[in-house]
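The values are calculated or read from the model by the stated rules, or taken from the named source; none is laboratory data. These numbers come from a predicted model, not from an experiment. Neighbour counts are summed over all protein chains in view; Cβ atoms, including those assigned to glycine, are modelled from backbone coordinates with ideal geometry. Calculation scope for accessible area: heavy atoms of the full protein, side chains included, ligands and nucleic acids excluded. Shrake-Rupley method; radii C 1.70, N 1.55, O 1.52, S 1.80 Å.
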Amino acid sequence: MSWAPATSAPDLVRPSRTPAARLYRAAGSLVVASLNRPQGITGVHTHTSALDEGLRQIGCGCAVVSPFDHTRMWDVVFAMRPLVIQRLSRTAGTLWYRHWHEAALRSSLMKHLRHNPADVVLAQCPVTAHAALSVRQQLNLDCRIALVCHFNGSEAEEYRKSGDLPSDRAYRRMMEYENAVLRDVDQVIYVSEWARHTVESERKIQPKSSAVVHNGIPDAPPAGVLTRESLGLSQRDLVLINVGTLEPRKNQIGLLDLFERIAARFPNAKLLLVGAGHQRGEIEQAIRSKRLDDKVTLLGARSDVPGLLAISDLYLHYAKLENCPVVLLECARAGLPFAAVAAGGIPELQQMMGVELSLDPDDLDSSMAVLEPILGNPSQQNKVGDRARAAFIERFTTHAMARGYLNALGISPEPRG
C-alpha cells in the first residue's frame, strides 16, 4: 500500500486533537523491531510484549523481530563482548554490541520482510531504526519506519552517564548517528510529552512527524500469589518498595538517606529493594553503615514484581531522571500509591493519575512532609491507590496503548470476520 502523505497528515503530530476515524488508513500490519531477546524484565521488554498483546487484542497483525531470530550463528559474535571486548574497553564493548546486534537485526528483518510485507516497522531504539531504514532501501519496500523514543533525552548520554561510553569521540559520533536517525525516520513516537520537548525544543531536532503515546501494560497482572510471610514480613509492617536497576541513575543510595528518616519516624517501616546491578556492593555498604540491616531487604532481580507491589503499602521512586517508567503503571494497576521525584516525564504521570506526591532528593525535610500524612494513614493510602487504579484503567492498559499507536501511525486494525 502507498504511504504518500494523506490530507490529514499534519494532524498526526498531535493525534489526540483529531477524531480517530480521520486518521485510520486501510487495514495494516506492524513489525516491532527490537535489539532485545524475546524474554526479559526491562522496560523495553515490557513495552514490546504489551504492545504486541494490545494490537492482537484489537485485530491488528503484529510480529516482533530481533537479532535472535532465524539462526544461532550470531551467538558466538554476541558472546565475544562480555568475554573479551568489554574487558578491554567499555567503549569498545558498547560499540561492538551496537554494531553486531544491528547487523544481526538487519539479517532478521531482511528474511522477515521479504515474505511478510508490513505497513509499519516500529523500531524500539535508534539502532533498530537505522537497521530498518537500511533494509527498506535494500528491498525497495513501501512501508513506514517509526522510532519509539524510550531514552531520557539522549541514548548516547545514557551510555555516557552509566560509564559505558567514556570516549568523547565515540560519544560525539553516537550523538550524530542518533540525530540523523531521528530526522530520517518517518515518525518519532515519544512515551511522554517531556521526551518530545527534550528532543524537539532543547535538542532542536525536528522529525518529519511526531506523536506522544504513553506506555501501557495488561489490565490484569500475571497469576500468582505472594504473601508477606514468605518474605519475613508481618501484617503490622509498613512495607515500602522500590524497583530498578542498582545503578546511580536510579538513586537507591539516596533513597536510603530518606528511608533512614522514615524508619526513625515509623519504627515498623520496612524497605524492599528490587533489582540487580553493579552498584549492589555500595548499596549493601550503605545499609550496613546506617544500621538498617533488619529493615532493608535486597531482593535482586525478580519476575514477580506485581506480587511484590500487591503486598506493599507505598512505592518510592527516587530516580532523578525518567521518561515513562512502567513500574509506576504497575503500581497504579495494583492500586498502590506512589511517591516519586518529579523529574523528566514523572510529573505527567503524577498529574494524569492524580497521585502528586513529589519527593525532593535534595531536601529530605520537604520529602518527609509529603510522606508523613500518607505513611501514617492507611485509609489515605487506599484512597490515593484507588484514584491511580481508575486512571490506569482509563489510560494505561495495553488496549489504550495499542489504540494510541494505531491513531498515531494512521492505520486501522484488520476487520474481524
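Have a look at I189, A104, V120 and report the one farthest towards the positive end of the charge dipole of the chain, computed about the Cα centre with Cβ charges (Lys/Arg +1, Asp/Glu -1). Farthest towards the positive pole: A104. At 222 nm, what helix-only mean residue ellipticity would the chain give, in deg cm²/dmol to the nearest 500, using -39500 (n - 2.57) for each DSSP H run of four or more? Only helices count here, giving -13500 deg cm²/dmol. Residues whose amide H lies under 5 Å from that of T397, counting only those 5 or more places away or on a different chain, are I217; hydrogens are built 1.01 Å from N in the peptide plane.
Charging the Cβ of each Asp and Glu at -1 and of each Lys and Arg at +1, and nothing else, the dipole of region 203-347 about its Cα centre rounds to 480 debye.
Would you work out the charge dipole size for region 93-237 about its Cα centre, treating the Cβ of every Lys and Arg as +1 and the Cβ of every Asp and Glu as -1, and quote it to the nearest 20 debye? Provide the component values of the computation, followed by the final result.
Details: 18 positive and 18 negative charges, 78 e Å.
Dipole magnitude for region 93-237 comes out near 380 debye.
Note on the chain: with neighbouring protein chains present and a 1.4 Å probe, carbon and sulfur make up 50 percent of its accessible heavy-atom surface. Largest accessible area first, the listed residues F266, F259 line up as F266, F259 when surface is computed with a 1.4 Å probe on the assembled protein chains.
Mind running the shape call on region 356-417? Use the C-alpha gyration tensor, a ≥ b ≥ c as the square roots of the eigenvalues: rounded below 1.5 for a/c, prolate if a/b tops b/c, oblate otherwise.
Numbers: a/c = 7.36, a/b = 2.45, b/c = 3.00.
It is oblate, given that a/c is not under 1.5 and a/b is not larger than b/c.
Close amide-amide hydrogen proximity is noted between D360 and S367, each under 5 Å apart and 5 or more residues distant or on a separate chain (H modeled in the peptide plane; Pro and chain starts excluded). Each Cα pair of the chain feeds into the Kirkwood radius, which the Stokes-Einstein equation turns, at 10 °C and 1.306 mPa s, into a diffusion coefficient of 70 µm²/s.
In the chain, the longest principal axis of the Cα atoms and the axis of helix 168-184 are about 60 degrees apart. Annotation: lysines with alpha-carbon distance below 22 angstrom to K383 (same-chain offsets under eight excluded): K270. Relative to the dominant Cα principal axis of the chain, helix 280-289 is inclined by about 20°. Ranked from largest to smallest solvent-accessible area, with a 1.4 Å probe on the protein heavy atoms, T46, T128, T227 come out as T227, T46, T128. Counting only aspartates and glutamates at least 8 places from K295 when in the same chain, those with an alpha carbon closer than 20 Å to its own are E229, D237, D257, E260, E282, E284, D313, E372. Compared with the alpha-carbon gap, the fully stretched path from A180 to R387 is longer by 70.4 nm at 0.36 nm per residue. 3J(HN,Hα) along region 328-341: 6, 5, 5, 4, 4, 4, 7, x, 9, x, 9, 10, 8, 5 Hz, from the Karplus curve 6.51 cos²θ - 1.76 cosθ + 1.60 with θ = phi - 60°, whole Hz, x for Gly and Pro. Placing unit charges on each Cβ (+1 for Lys and Arg, -1 for Asp and Glu) gives the chain a dipole about its Cα centre, and among L349, S379, G410 the Cα reaching farthest toward its positive end belongs to G410. If both residues of a DSSP beta bridge must be in the chain, then about 0% of such bridges are antiparallel.
The calculated FRET efficiency for A369 paired with S303, based on their beta-carbon distance and R0 = 41 Å, is about 0.70.
Accessible area per residue was computed with a 1.4 Å probe on protein heavy atoms; K161 scores about 140 Å². The residues neighbouring P221, those whose beta-carbon lies less than 15 Å from its own, together hold a net charge of -1 under the Lys/Arg +1, Asp/Glu -1 convention. Each Lys and Arg contributes +1 and each Asp and Glu -1, all at the Cβ; summed about the Cα centre of the chain, the dipole is approximately 800 debye.
For K111, a cut-off of 17 angstrom between C-alpha atoms picks up these aspartates and glutamates, skipping any fewer than 8 places away in its own chain: D69, E102, D119, D142. With angles folded into 0 to 90 degrees, how steeply does helix 252-265 sit against the dominant principal axis of the chain? Use alpha carbons for both and round to 10. The two axes meet at around 30 degrees. Accessible surface computed residue by residue for region 273-417, with neighbouring protein chains in place and a 1.4 Å probe, gives 40 Å² per residue. Within the shell of other residues whose beta carbon sits under 9 angstrom from the beta carbon of D237, the net charge comes to +2, with Lys and Arg scored +1 and Asp and Glu -1. Probing with 1.4 Å while keeping every protein chain in the model, the per residue accessible area of region 90-209 equals 42 Å². The modelled label-to-label distance between N116 and R265, using points 7 Å beyond Cα along the C-beta direction, is 5.2 nm. Spatial offset of region 346-412 relative to region 160-221 amounts to 23 Å, using the alpha carbon center of each. What the phi angles of region 363-378 give under the Karplus curve with 6.51, -1.76 and 1.60, with θ = phi - 60°, is a coupling list of 9, 5, 5, 5, 5, 5, 5, 6, 7, 4, x, 8, 5, x, 9, x Hz, glycine and proline written as x. Residue by residue, region 312-320 carries 3J(HN,Hα) couplings of 9, 9, 7, 9, 10, 10, 10, 5, 8 Hz when phi is fed to the Karplus relation 6.51 cos²θ - 1.76 cosθ + 1.60 (θ = phi - 60°); x denotes Gly or Pro.
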